[in-house]
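In what follows, a structure is listed as structure tokens, so that the remarks can point back to it.
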Amino acid sequence: MSNTFIGGIRLPYMNPAPDIPSEPISPAQIRLTVPEGFRLVVGAGAQVSVGETLAVSENGLPDLLSGISGTVTLSDSPAVVTVLNDGRNTPSAACAPLEKGIDLYDGEELREALLKRGLALPPAENKSPLCLIVDCCEHDSFSSAAARLIFEKTEAVLGGIRILLKLFGVGKAICAVPKPMYECANALCAQLGSGGMIRTKLVSGKYPQHEPHMLISALFNIELNPAVTPGRVGYPTVTAETCAAVYEALALGIPYTTAYITVSEQTLVSKNYYVPFGTALSELVSAFGWPEGEEYGLRVGGGMTGRSADGSFRTAPDTFAVVLTAEKKKSVPRACISCGRCRAVCPVRLLPSLIAEYAAEENHRLAGALHAETCIGCGCCNAVCPAGIDLKAGVWSEKLRLLEEGASHE
Ligand code: SF4
Ligand code: SF4
């Protein structure tokens, strides 16, 4: 049986097409911005291999790694590392599988090893977690990247879950798969057999089904306070992509430098690519077969919460979907007609029209009284508003303001 949650919207799903494999992209170059608090460990002209460290964090974040082999060039302000692809794909010796069996390492050692391989995990926030939740959902209706990953890396997803059960000190895991992705549930079940610590469960296909609070609500029919992280109440949540990456990094010595990205031309056509982080979107547009010289618009992150970008935008771990359009859609917002749709779809039962109105008037006291801090940024309110008002931006800005205010009072 599958449950649902309040609010949300039912969107058309891209067909995950189990028989169409993803295409690997080998870009001419990758370009990565070195974030603040990172120290460069390569110089201009250095030859690097796949998985080689380019910069290390001084604040416990994952190392910045190269997803291709080639020659480094550097530029300043902001500091940017470019690797020119030599096409050899030479693997880095530093990224070998763990020397001993995974059971011989403690949690801290495994987390440390993952950081060196480009991957961070959510913190273990509860000493006695109830269940590990594996988010097997698409994060947007235009995406089929999660399905692609599950079809192509089923074994790695399950291997990663087994490692994470140990790491989080939890006895069972549930792979939460939305109903329209039942073929992914079948792929996982085929390798799991019956019984055991890992189960697969179908959940509502209503967007934002992937948001951890919604996922847990759909799985267990309970409501969690959106301001409290699921990990704190015993449900650490990770994506199927993270599980596969954990297994590959620790058991196979493959660092986390590459991800699945869906490119779709609206909802009509879609293809999945396996893309090194730092690849220019223009390379994906060419691979998609967009006619040379024809103008295009891009939305990174899909149709719901995505943002406009151009071909020079570089892929990152959160670039799961890219929507390609012939023309950029321009809409001029009109006045609210009080239809109430934004309230009906808000999964955390906010009053988006009112909060956005108070935000525009800078009436922060009233916006705060309406609990803007619980917004999960799903964009459902924007998607249904017939007046085309950017409600999410108003609610989200109030949320950030309230969180900042809370932090300064701590
Ligand atoms: S107000 Fe926030 S949580 Fe509610 S629908 Fe809009 S973006 Fe989603
Ligand atoms: S959906 Fe748009 S028009 Fe309808 S009440 Fe909300 S803000 Fe107003």
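Each reported figure results from applying straightforward, stated rules to the coordinates on display, with no laboratory input. For clarity, every value in this text was computed on a predicted model and none was experimentally measured. FYI the Cβ positions are ideal-geometry reconstructions off the backbone, even for glycines, and counts take in every protein chain you see.
Where does the Debye-calculated log10 I(q)/I(0) of the range 138-297 sit at q = 0.10, 0.11 Å⁻¹, using only Cα point scatterers of equal weight, no solvent? Log10 I(q)/I(0), no solvent term: -0.42, -0.51. Placing pseudo-labels 7 Å out from each Cα toward the beta carbon at GLU23 and ALA393 gives an inter-label distance of 3.5 nm. Using a cutoff of 8 angstrom between alpha carbon atoms and counting only pairs six or more residues apart, the relative contact order for the chain works out to 18 percent. Between PRO291, PRO62, PRO27, the residue with the greatest mean-square fluctuation in the GNM of the chain (Cα pairs under 10 Å linked by springs) is PRO291. Taken as Cα centroids, the range 365-410 and the range 70-137 sit 33 Å apart, rounded to the nearest whole angstrom. Size descriptors for the range 79-146, from the alpha-carbon set: Rg then Dmax equal 17.5, 48 Å.
At 20 Å minimum axial length over the Cα atoms and a Kyte-Doolittle cut of 0.0, report the qualifying DSSP H helices in the chain, or say none. Don't skip to the end; give the middle numbers.
Working: long enough: 154-168 (21 Å, 1.31); 391-409 (27 Å, -0.33).
Qualifying helices: 154-168.
Extension gain, ASP318-ARG349: 0.36 nm per intervening residue step, less the Cα-Cα distance, totals 8.5 nm. If you look at the Cα atoms of the range 357-410, you get an Rg and a Dmax of 11.6, 40 Å.
What number in nm² do you get for the range 1-83 if you take the convex hull of its Cα atoms and divide its surface by four? It would help to have the intermediate numbers written out before the result.
Values: hull surface 41.5 nm².
For the range 1-83, averaging the hull's shadow over all directions gives 10.4 nm².
Cα centroids of the range 214-230 and the range 10-56: how far apart, whole angstrom? Using only Cα atoms to place each centre, the spacing works out to 32 Å. Here each label is just a point 7 Å from Cα along the line to Cβ, and for LYS127 and VAL269 those points are 5.8 nm apart. Mind checking which of ARG307, ARG162, ARG148 has the largest fluctuation in a GNM of the chain, springs on alpha carbons under 10 Å? Fluctuation is largest for ARG307. Multiplying each eigenvalue of the alpha-carbon gyration tensor of the chain by 5 and taking the square root yields semi-axes of 33, 27, 23 Å, largest first, rounded to whole angstroms.
When the chain is treated as a GNM, springs tying every alpha-carbon pair under 10 Å, which of PHE320, PHE38, PHE151 comes out with the largest mean-square fluctuation? With Cα springs under 10 Å in the chain, the top fluctuation among PHE320, PHE38, PHE151 is at PHE38.
When the gyration tensor of the range 207-336 is built from Cα positions, what are the square roots of 5 times its three eigenvalues, in whole Å, from largest to smallest?
Values: eigenvalues 189, 111, 25 Å².
Ellipsoid half-lengths, sorted descending, are 31, 24, 11 Å.
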